[in-house]
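Working notes, structure below.
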Amino acid sequence: MATSPSVLDINGVQVSVTNGDKTFFQRQRGDAWASVDDQLQSLDTLLEWHKRDWANGLADARWPPVYAKQPNEPPRVAPSRAKKSTT
């Protein structure tokens, strides 16, 4: 197993942690995500927010360039580089 260190900020203290340490912490404290699927949640609120945002003109975020352009997707160019309309 690779042991490349990463730095965690624990209560304002910078701590260098390796993958081995992370495994130790997980064994010691348990898996924080073990119960993630125990209680089902509804997506209704999220879908309502999407409909509200869409109705208010807030479109979906731009997709990365490796994906095909999506319907109703805003231009994939920085506003400063966009062609100016002549109308």
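Regarding Gln26, is this residue surrounded by 10 or more Cβ atoms within 10 Å (Cβ to Cβ), modelled with pLDDT of 75 or more and of a type in the set (S, T, N, Q)?
yes
What number of residues within segment 30-87 are of a type outside the set (A, V, I, L, M, F, W, C) and part of a helix (DSSP H, G or I)? If you could, list the steps in order and put the result at the bottom.
To start, the set of residues in segment 30-87 that are of a type outside the set (A, V, I, L, M, F, W, C) comprises 30-31, 35, 37-39, 41-42, 44-45, 48, 50-53, 56-57, 60, 62, 64-65, 67, 69-76, 79-81, 83-87.
Right, trim to part of a helix (DSSP H, G or I) and you get 44-45, 48, 50-53, 79-81.
Residues flagged as of a type outside the set (A, V, I, L, M, F, W, C) and part of a helix (DSSP H, G or I) within segment 30-87 amount to 10.
Would you check if Ala32 is exposed (fewer than 10 other Cβ atoms within 10 Å of the Cβ) and at pLDDT 75 or above?
yes
For segment 68-78, enumerate the residues that are loosely packed, with under 10 Cβ neighbours inside 10 Å and either modelled with pLDDT of 80 or more or among the charged types (D, E, K, R) (or both). Explain how you work it out, then say what you get.
If we filter segment 68-78 for residues that are loosely packed, with under 10 Cβ neighbours inside 10 Å, which is where we start, we get 68, 71-72, 78.
Once the filter is applied, which keeps residues that are loosely packed, with under 10 Cβ neighbours inside 10 Å and either modelled with pLDDT of 80 or more or among the charged types (D, E, K, R) (or both), segment 68-78 yields Ala68, Pro71, Ala78.
The values are calculated or read from the model by the stated rules, or taken from the named source; none is laboratory data. What you see is a predicted model, and the numbers here were worked out from it, not measured in a lab. Note that each Cβ is placed from the backbone with ideal geometry, even for glycine, and that neighbours are counted across all protein chains shown.
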